[in-house]
Number of protein chains: 4
Amino acid sequence: MKDVINNATQSKNKNLGRLLISCVDRPGIVSCVSNFLFEKGANIVTSDQHTTDPQEGQFFMRIVFHLPDLKNKLDDLNQDFLHIARDYDMQFEMYLAEVKKKVAIFVSKEDHCLRELLWQSNTLDMDVKLVISNHNDSKELVESYNIPFYYFPVTKDTKDEIESKQLGILKENDIDLIILARYMQILTPNFISHHPDRIINIHHSFLPAFIGANPYQSAYERGVKIIGATAHYVTNDLDEGPIIEQDVERVYHSDHAKELKRIGSHIERIVLARAVSWHLDDKILTFNNKTIVFR
Amino acid sequence: MKDVINNATQSKNKNLGRLLISCVDRPGIVSCVSNFLFEKGANIVTSDQHTTDPQEGQFFMRIVFHLPDLKNKLDDLNQDFLHIARDYDMQFEMYLAEVKKKVAIFVSKEDHCLRELLWQSNTLDMDVKLVISNHNDSKELVESYNIPFYYFPVTKDTKDEIESKQLGILKENDIDLIILARYMQILTPNFISHHPDRIINIHHSFLPAFIGANPYQSAYERGVKIIGATAHYVTNDLDEGPIIEQDVERVYHSDHAKELKRIGSHIERIVLARAVSWHLDDKILTFNNKTIVFR
Amino acid sequence: MKDVINNATQSKNKNLGRLLISCVDRPGIVSCVSNFLFEKGANIVTSDQHTTDPQEGQFFMRIVFHLPDLKNKLDDLNQDFLHIARDYDMQFEMYLAEVKKKVAIFVSKEDHCLRELLWQSNTLDMDVKLVISNHNDSKELVESYNIPFYYFPVTKDTKDEIESKQLGILKENDIDLIILARYMQILTPNFISHHPDRIINIHHSFLPAFIGANPYQSAYERGVKIIGATAHYVTNDLDEGPIIEQDVERVYHSDHAKELKRIGSHIERIVLARAVSWHLDDKILTFNNKTIVFR
Amino acid sequence: MKDVINNATQSKNKNLGRLLISCVDRPGIVSCVSNFLFEKGANIVTSDQHTTDPQEGQFFMRIVFHLPDLKNKLDDLNQDFLHIARDYDMQFEMYLAEVKKKVAIFVSKEDHCLRELLWQSNTLDMDVKLVISNHNDSKELVESYNIPFYYFPVTKDTKDEIESKQLGILKENDIDLIILARYMQILTPNFISHHPDRIINIHHSFLPAFIGANPYQSAYERGVKIIGATAHYVTNDLDEGPIIEQDVERVYHSDHAKELKRIGSHIERIVLARAVSWHLDDKILTFNNKTIVFR
């Protein structure tokens, strides 16, 4: 069953490439890039662009294109595009859509986000290579999906040592994306620096409200009428990284902190799954600690 | 036209009383209160109650009852209820629904919330007695509704003097509720102490995020994906009073600060109007800097 | 683990009773009922009421009360309440909150709603006794929860025979609630008549729009900008029963029918789980093909 | 004040052109169009595109470009683009953003949508030339904005005659867009045929639910838990035209039909204003009775 779906996804994405561009705005970019693709025989399937306000004047583009036998041509395409990138002082990335990203999920005790990701793994375009946890609770669940589970209890003293082991495993498995699915450990700057814009965290509040621990308790005490969840890329500033997605749900005076937590858990998993799906589809660019999400 | 509607509202509310109760929870309260009303010949139309979590154990109730000729009986009813209130150590308030609350609206330059309130004044059950502003911009608008407009330009030096004049006008007009409809002056503790839980402010962010000035600019800079507005009672702690209502709207990376402001202005007026309508219908109780809203 | 949680739920609900009442409105009902409970030594924990518009004048009430040793007193309480019920011509039901309702889930091929219910079975206050399906796909999943799975392939010719077998199993297991978690068979009037207001269905559209089969395809073809899901009690009129809960999600011109189905599947499971949780907490009354939901 | 804002809008839009394209998809379109603009000296500010599913394979694009002195160059640009349009069998439209569209608003008795449009006329990029009504109620309001008000009471017998007068007035005023802001008359096919995709109606329900008259009453009777409003282009099939925008609000069992109407009126005006603003910004294309909205 799973193979059938994977094949379906692959065939849907077959020969599709995704090109992400960021540079200072100036005339001719779209024309130049679309000419390049046309001359290579590619058909533009989708194209989105965004320019920040005139003062900043930063240009962003995402193009999905179709090119027969792209798999074998991607390296050359990449190479040839370097000229354009140099001319326009562009940063760019080019992806083969049919190659699924390799994902590692980090989790602590609360497993609702992990479950959601595993559950949606048929429709999310990813290859979950492994799960890492500082608790043993999710071992059985993870292994029932035939996914390796690594148990790393972390203490203050062992943190550095364990992170370096984790980095080793991530490297070995050639991991493209790390998902913190309610992982209650703070990562060190060293760890983060190995995966810039490649670690997605779900924070259980509507950021920037209720940064830090126990946001549902804080939300209850403040008496808010709406609670939320926020998916963001992890940076060295706790809960301050670029926001990818947020969503909210209405609560009532009769909802105690426990109830907020239960309601919030549904928002968390939906918001995280959305953010992850956009990352997997190369729909997100970051700039000035903000995200551009081409939907 | 307006008279017809007012008459309709009055007839809808004719002989309806509203009883709000707050006390420590214990058995027999509902029974005792409902007996009291039954013996007085009243029919309970609506009854809502809420008890905070067992540790606090605070009980709240709102009862709407119908009693023929209530207008002439309210004082006696109030008097007689004092016995029960004493027995249960209750705080209570009793209102005649057909008496509209007298309202003063404070506004600065942005008039969208003021406009919404004036516009909805046919359906909101209130009597707008006057508008006070530190700018002259809304004079014409307000006077077109035959409502007195007071212009009080405030400076640091004149603040106390002006507030005392304003307090005089509010007292003279027997004002029940003050609405800060984007009034950009901070009220002094003295002013606030005259109107506890009787001043509603609209803050143009999803509190507790973006307290203080320029929340839309801050929201833009933080890159949030959803913006909001918050209506709350005013206390001495700026933007920290009990939240009455909040609502939100989705925004995109292409929405600049100006656009956030425009989108937000629609949320602000809806949220403020909702909070005001609940206050006018005596649906709100406060406790521990939170609101209980019986809807 | 599960036992611990169940114990927690049971202890939370220990000695709590729920009383649901429906009758023609008249003075004295609240007083009479609350006196009854007070005299029996019960403390009213929550009380909600609703009266339909004056023409209809139908009164509804839900009371949650606490009474020590309720388990052993419920039958007597029920018996004694009959007098009041007779006086006011009331319909009423009295439930012991600590007794979980026995649930049967019906499912066809799509298992997202089934999964959600099984997953939430720790927080939903129910005892899933069995799962019935006209396909074999979910057998493994269901049995991994140690829940019996019954496979009944239905054909036109065998429908009556199979339904009568199913009715037997439901009776044997003393089932209180049947959940159609994307069960793609139409139940006969005979089957439905055995479980009035005891069968909850999830329909994958925002009813009354897109009644019947393939609502996502129809929604796509109509070009709607928002899709939804609806949980309702099942009656003989297909998709016409009393609506319990609905929710929606925004979609875009770029979302094809397949994408609508995927987005919709998330709404379906949340909406169904909410409706089920309200039913389990005895929060729903029905009248004139509508629901009153005391939240 | 208004002039200042208009000037601001005009300066914001100065030298901006908008190009809308629709054709059968094939390689090279983006490249060809962007080259054309680049060679003319234009800088692409925004570009959005959409292709319907492979079976249909219809391509849509909206480009906003900046070109100095565009005002004087637009006719030539249009002329020159005809070659490309012919080659690709395109339908296209080119607009000068600084030219406000001329708008006529039709209204009956309920004036909340009219008020909203007049109120937002500072931020909506339009020039309201006139208001037409079959009732006299809004005359004063409209004229307070210095906008001509035409009163045309319509009867069955005079409908054709009056429509032909109205068509005359619309032609005289060179009207680009007709907004039916709760206009309770059905327009004839003849009238509609003069303004294809140029008449926006607000329907007070979440279409396709509750087509026709009295949708709030119908929604109340069906017991829905969410109500909505729909803005759509008018076609000969009543309430069946391409949907531009929809939004919804939650309602409760305690909300009677009157309350639904009040809540709905807020959704109606927001939804209509949004749809109108997108039309004014040339963000909407139609195809197969659906809209593509580039946001």
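Criterion first (more than 27 Å from C:R269 (Cα to Cα), within 14 Å of chain B (Cβ to nearest Cβ) and open to solvent by 50 Å² or more (accessible area, probe 1.4 Å)) does C:E93 satisfy it? In short, no. Scanning the range C:170-200 for residues that are under 15 Å from C:Y150 (Cβ atoms) and in contact (Cβ under 8 Å) with a residue 40 or more places away in the chain yields a count of 9.
Among the residues making up the range A:193-213, those that are away from chain B (no Cβ under 14 Å) and open to solvent by 30 Å² or more (accessible area, probe 1.4 Å) are A:S193, A:H194, A:P196, A:R198, A:A213. Please verify whether the range B:109-120 includes one or more residues that are closer than 16 Å to B:N13 by Cα and either touching a residue at least 40 places away in the same chain (Cβ under 8 Å) or within 14 Å of chain C (Cβ to nearest Cβ) (or both). So far as the range B:109-120 goes, no, none of its residues is closer than 16 Å to B:N13 by Cα and either touching a residue at least 40 places away in the same chain (Cβ under 8 Å) or within 14 Å of chain C (Cβ to nearest Cβ) (or both). The residues of the range A:7-47 that are in contact with a Ser or Thr (Cβ under 6 Å, 6 or more places away or on another chain) and open to solvent by 30 Å² or more (accessible area, probe 1.4 Å), listed by number, are A:D25, A:N35, A:F38.
The single residue among C:D247, C:D282, C:D239 that is modelled with pLDDT under 95 and not assigned by TED's automatic domain parsing to the domain that holds C:F65 turns out to be C:D239. For the structure I just gave you, tell me whether B:R295 is basic (K, R) and assigned to a helix (DSSP H, G or I). When the stated conditions are applied, B:R295 does not pass them. Scanning the range D:54-72 for residues that are assigned to a helix (DSSP H, G or I) and touching a residue at least 12 places away in the same chain (Cβ under 8 Å), we see that the one that is nearest to A:K12 (Cα to Cα) is D:L70. Taking the listed residues D:K40, D:K71, the one that is more than 12 Å from chain A (Cβ to nearest Cβ), at pLDDT 95 or above and under 28 Å from D:D125 (Cα atoms) is D:K71, with no other qualifying. Scanning the range C:160-172 for residues that are of a type outside the set (S, T, N, Q) and closer than 20 Å to C:K101 by Cβ returns C:L167, C:G168, C:I169, C:L170, C:K171, C:E172.
Output yes when any residue across the range A:176-192 is part of a loop (DSSP other than H, G, I, E, B), touching a Lys or Arg at 6+ places or on another chain (Cβ under 6 Å), open to solvent by 40 Å² or more (accessible area, probe 1.4 Å) and charged (D, E, K, R), and no when none is.
Scanning the range A:176-192 turns up at least one residue that is part of a loop (DSSP other than H, G, I, E, B), touching a Lys or Arg at 6+ places or on another chain (Cβ under 6 Å), open to solvent by 40 Å² or more (accessible area, probe 1.4 Å) and charged (D, E, K, R).
In the range C:52-64, which residues are at the interface with another protein chain (Cβ under 10 Å from one of its Cβ atoms), surrounded by fewer than 19 Cβ atoms within 10 Å (Cβ to Cβ) and touching a strand residue (DSSP E or B) at 6+ places or on another chain (Cβ under 9 Å)? Of everything in the range C:52-64, just one residue is at the interface with another protein chain (Cβ under 10 Å from one of its Cβ atoms), surrounded by fewer than 19 Cβ atoms within 10 Å (Cβ to Cβ) and touching a strand residue (DSSP E or B) at 6+ places or on another chain (Cβ under 9 Å), namely C:T52. Each residue in the range A:86-108 was checked for being farther than 26 Å from A:E172 by Cβ and not polar (S, T, N, Q), and 6 pass.
Contact annotation: residue pairs with Cβ atoms under 7 Å, 6 or more positions apart or on different chains, pairing a residue in the range A:225-244 that is facing chain B (nearest Cβ under 8 Å) and within 14 Å of A:P196 (Cβ to Cβ) with a partner that is of a type outside the set (G, A, S) and open to solvent by 10 Å² or more (accessible area, probe 1.4 Å), are A:P242/A:T286; A:P242/A:N289; A:P242/A:K290.
Among the residues making up the range D:6-35, those that are modelled with pLDDT of 90 or more and touching a Leu at 6+ places or on another chain (Cβ under 9 Å) are D:K14, D:N15, D:L16, D:G17, D:R18, D:L19, D:L20, D:I21, D:S22, D:V30, D:S31, D:V33. Considering D:V99, D:V103, D:V131, D:V142, the condition of being in a strand (DSSP E or B) and either free of Cβ contacts under 8 Å to residues at least 40 places away in the same chain or within 14 Å of chain B (Cβ to nearest Cβ) (or both) is satisfied by D:V131 alone.
In the set (1) under 29 Å from A:T286 (Cβ atoms); (2) surrounded by fewer than 16 Cβ atoms within 10 Å (Cβ to Cβ); (3) more than 10 Å from chain A (Cβ to nearest Cβ), B:Y216 fails one condition alone, (2).
So, C:M94, is that one outside any strand (DSSP E or B) and either modelled with pLDDT under 95 or within 29 Å of C:L285 (Cβ to Cβ) (or both) or not?
So C:M94 fails the test.
Among the residues here, D:G228 does not qualify as in a loop (DSSP other than H, G, I, E, B) and crowded, with 21+ Cβ neighbours inside 10 Å. Residues that are facing chain A (nearest Cβ under 9 Å) and modelled with pLDDT under 95 do not occur anywhere in the range B:262-277.
Within the range B:160-175, the set of residues being among the hydrophobic types (A, V, I, L, M, F, W, C) and either open to solvent by 70 Å² or more (accessible area, probe 1.4 Å) or within 15 Å of B:I105 (Cα to Cα) (or both) comprises B:L167, B:I169, B:L170, B:I175. Across the range B:117-133, the number of residues qualifying as at pLDDT 95 or above and of a type outside the set (A, V, I, L, M) comes to 3. Is it true that some residue in the range A:259-275 is surrounded by fewer than 19 Cβ atoms within 10 Å (Cβ to Cβ) and farther than 19 Å from A:E110 by Cβ? No, the range A:259-275 contains no residue that is surrounded by fewer than 19 Cβ atoms within 10 Å (Cβ to Cβ) and farther than 19 Å from A:E110 by Cβ. Looking across the range B:115-159 at every residue that is among the aromatic types (F, W, Y) and more than 19 Å from B:K101 (Cα to Cα), the one that is least open to solvent (accessible area, probe 1.4 Å) is identified as B:F152.
The values are calculated or read from the model by the stated rules, or taken from the named source; none is laboratory data. Every value quoted in this text rests on a predicted model; they were computed, and no experiment measured them. Neighbour counts are summed over all protein chains in view; Cβ atoms, including those assigned to glycine, are modelled from backbone coordinates with ideal geometry. Note: areas computed on protein heavy atoms with side chains; ligands, DNA, RNA excluded. Shrake-Rupley method; radii C 1.70, N 1.55, O 1.52, S 1.80 Å.
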